[in-house]
Amino acid sequence: MAELNLVEKANKVISFRKVIRDICRKKGLEYPSDDKISEYINKKYGMNVDDFMKDYTEKEGIFRDPTTEFYNDLIKIEWGENTPTIENVREFVAKNGYDKQKFINEWVINTYNGVEKNTLTATIKLADNVLVILWNTFIEESAIYGDDSYIYDLTNEHDIKVLRGSMKPSDWAKVKALSSRFIQWYNLNDGDIVAKKDIKGIIIAYWGEIFSRVMLYPSAYSFDVNLHVEGDGSTYFDDVFFPVIAKEIGYNINGDKGTIEKIKED
């Protein structure tokens, strides 16, 4: 078949566009933009009306909406009564892009309010290694979850010694291959070894339970956090958690200065 000249190509495109618009009008669909029709043709999809309409109505190919796909992936999570809407997701994507873990973290934080939210916000400002200590303290103190929920810090000599003394050489080789500072070793289950990158996400996900345990047994959570310099005596409960509680009831506490002030009411 002879190649179409420019005028013939233009007429074919116009005819293609007209048929698509007629079908959309009959089905009550919004017309695809001329830019999208042009993109479809330029990407060598051809000018088969049935193929075009299938992609257009099923949101496939160039009509795939990444935000909708991102949303569909997110709602696979069991959110309960706090399931995000597509509008929530579009607003997030406009500011942050398609960062799934960031969305989950922010959304879960905002399901809390008052003192629970404020203590969580103060807590996740801590360095990851301190959050790991908090997590491990929670695992040991609460006994809610198995010992293999413990997170190992591979810069900690004690943790390395425990792992090297308990693992087979092949398991230790897997640990080294992960190239991750923090890992979990599910030695009470299938023996899987997993890198843990998002420590803040773990704390956020379990905050309801962690908060309850800290409130019930605060002395167990008085571990050193070294907020300023090593050995300064700052502890998680005294210098991170409790000042938020105090503020909720109207007092500012400064552990460094050893002062307490009543917050003036406006």
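Of the residues 13, 93, 89, which is surrounded by 12 or more Cβ atoms within 10 Å (Cβ to Cβ) and more than 30 Å from residue 103 (Cα to Cα)?
Details: 93 fails: more than 30 Å from residue 103 (Cα to Cα); 89 fails: more than 30 Å from residue 103 (Cα to Cα).
None of the others qualify; the one that does is 13.
Determine whether residue 109 is in contact with a Gly (Cβ under 8 Å, 6 or more places away or on another chain), surrounded by fewer than 19 Cβ atoms within 10 Å (Cβ to Cβ), on the phi < 0 side of the Ramachandran plot and not acidic (Asp, Glu). I'd like the intermediate steps shown before the answer.
Working: in contact with a Gly (Cβ under 8 Å, 6 or more places away or on another chain): no; surrounded by fewer than 19 Cβ atoms within 10 Å (Cβ to Cβ): yes; on the phi < 0 side of the Ramachandran plot: yes; not acidic (Asp, Glu): yes.
Judged against the criteria, residue 109 is not a match.
Residue 133 is checked against (1) in contact (Cβ under 8 Å) with a residue 24 or more places away in the chain; (2) outside the structural domain of residue 219 (by TED's automatic domain parsing); (3) closer than 28 Å to residue 237 by Cβ and fails just one. What number does that condition carry?
Result: residue 133 fails condition (2) only.
Could you go through region 137-151 and let me know if any residue there is touching a strand residue (DSSP E or B) at 6+ places or on another chain (Cβ under 6 Å) and in the same structural domain as residue 241 (by TED's automatic domain parsing).
Residues of region 137-151 that are touching a strand residue (DSSP E or B) at 6+ places or on another chain (Cβ under 6 Å), as a first pass: 151.
Cutting the leftovers down to in the same structural domain as residue 241 (by TED's automatic domain parsing) gives us 151.
Looking for residues that are touching a strand residue (DSSP E or B) at 6+ places or on another chain (Cβ under 6 Å) and in the same structural domain as residue 241 (by TED's automatic domain parsing), one finds at least one in region 137-151, hence yes.
Criterion first (more than 19 Å from the chain's Cα centre (by Cα) and at pLDDT below 90) does residue 78 satisfy it?
Details: more than 19 Å from the chain's Cα centre (by Cα): no; at pLDDT below 90: yes.
In short, no.
Considering only helices (runs of 4 or more DSSP H) fully contained in region 12-106, which possess at least 3 residues that are within 30 Å of residue 117 (Cβ to Cβ) and outside the structural domain of residue 208 (by TED's automatic domain parsing)?
Per the criteria, 66-74, 86-96.
Condition first: under 17 Å from residue 23 (Cβ atoms), under 38 Å from the mean Cα position of the chain (by Cα) and without any contact (Cβ under 8 Å) to a residue 24 or more places away in the chain. Now tell me which residues in region 39-57 satisfy that.
The answer is 40, 45, 51, 54, 55.
Residues in region 229-254 that are modelled with pLDDT under 85, within 15 Å of residue 126 (Cβ to Cβ) and not charged (D, E, K, R): how many?
Total satisfying the criteria: 1.
Of the conditions (1) under 16 Å from the mean Cα position of the chain (by Cα); (2) crowded, with 17+ Cβ neighbours inside 10 Å, residue 101 satisfies every one except a single condition; which number is it?
The one condition residue 101 does not meet is (2).
The values are calculated or read from the model by the stated rules, or taken from the named source; none is laboratory data. Remember, predicted model here, so these are calculated numbers, not experimental data. Counting neighbours? That spans all protein chains shown, and the Cβs are built from the backbone with ideal geometry, glycine included.
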